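Right, one structure below, let's go through it.
None of the figures in this text is laboratory data; all of them are computed from the coordinates on show. Quantities reported herein were computed from a predicted structural model and do not represent experimental measurements. Cβ atoms come from the backbone with ideal geometry, glycine included; neighbour counts cover every protein chain shown.
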Ligand SMILES: Nc1ncnc2c1ncn2[C@@H]1O[C@H](COP(=O)(O)OP(=O)(O)OP(=O)(O)O)[C@@H](O)[C@H]1O
Ligand SMILES: [Mg+2]
């Protein structure tokens with residue numbers, strides 16, 4: 001009960017935390033806003049119900065550009081549901097999605113793509129029988145005089161991979177089915193970059209990867225955010241989370257248990273939050289920028 005915001009559990013938690021300042025006055029070190037004081041994506045009071053199951057309850061979350069936000073939580077906490085609501089797969093039952101300061105309604109994944117939201121899944125969304133260039137340019141093919149401009153497309157794909165310092169791919173004409181998991185992930189990220197996504201969402205990007213492939217993907221995530229887009233990463237792996245995250249958001253039973261700069265958390269406090277919805281450890285340290293939502297008391 002010692003952090004400033006946890007005492008606001010209940011009524012106060014809905015109105016008084018730094019993340020919710022409408023413009024201009026974000027929490028000084030929370031780093032959620034760009035120069036206009038406006039985070040790229042704001043979720044306000046998002047709820048999602050599947051019949052009797054309330055999968056998400058009153059989620060207030062800012063996702064700033066140029067930063068990696070890690071979304072963590074135990075199985076069934078609501079991570080995928082939240083991400084699917086941002087990706088246009090589900091429509092929230094309540095609440096608002098605010099994109100660049102404007103309220104938006106995402107009726108389909110197409111709507112999300114049109115805004116500049118790209119979702120990268122581990123094994124989906126790439127065509128195994130096509131090569132790297134074909135995959136990256138799929139739906140965005142360059143045509144000249146009625147023919148595919150293979151040279152330009154290959155150059156573009158190569159340049160994007162080089163920009164992201166993806167060096168382990170031997171040939172961009174290799175079929176994607178023959179790539180390792182980490183290389184596939186790299187191609188999927190490069191595709192999102194090429195489509196100039198402003199928000200790249202990654203659901204468990206390292207779940208199926210070995211040590212060196214995980215390294216490749218983690219460094220890619222860091223470089224991606226440095227280029228400007230917001231990155232929202234779901235992960236179960238706290239090592240990965242602490243390697244890449246600028247901000248951490250913890251879901252517990254459909255509620256946002258805590259959100260704040262990664263530096264304000266440690267693995268033990270995140271585990272507490274994931275498993276009980278609260279943590280006394282944060283309060284012993286300098287957790288003043290972490291917003292605890294008091295999920296335990298609202299049960
Ligand atoms: N399509 C659906 N229909 C009914 N209930 C659903 C549906 N999708 C998710 N749920 C329920 O919503 C809750 C949150 O599920 P979600 O898949 O978002 O969890 P998660 O945090 O992604 O878990 P995991 O770590 O296991 O992937 C769960 O109780 C789940 O059973
Ligand atoms: Mg999931």
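Using only the Cα atoms of the stretch 155-283, construct the convex hull and provide its projected area averaged over every direction, in square nanometres to one decimal.
Its Cα hull, projected and averaged over all orientations, spans 8.5 nm².
Using label points projected 7 Å from each Cα along Cα→Cβ, tell me how many nm separate residue 222 and residue 141, to one decimal.
3.9
Order of 193-199, 66-72, 50-56 by packing, highest average Cβ count within 10 Å first?
66-72, 193-199, 50-56
Mind giving me the FRET efficiency for residue 263 and residue 49? R0 is 41 Å, r the Cβ-Cβ distance, nearest 0.05 is fine.
0.70
Roughly what % of Cα-Cα distances in the stretch 122-197 sit above 14 Å, to the whole percent?
56
Let's test this: bin the Cα-Cα distances of the stretch 216-263 at 10 Å from zero up to the farthest pair and state each bin's percent.
Taking all Cα pairs of the stretch 216-263, the binned fractions are 23, 56, 19, 2 percent.
Quick one: if you stick a label point 7 Å off each Cα along the C-beta vector at residue 91 and residue 275, how many nm between them?
Taking the simple label geometry, residue 91 and residue 275 are separated by 4.0 nm.
Sort 246-255, 266-275 by the packing proxy (mean of other Cβ within 10 Å over each peptide's residues), most packed first.
246-255, 266-275
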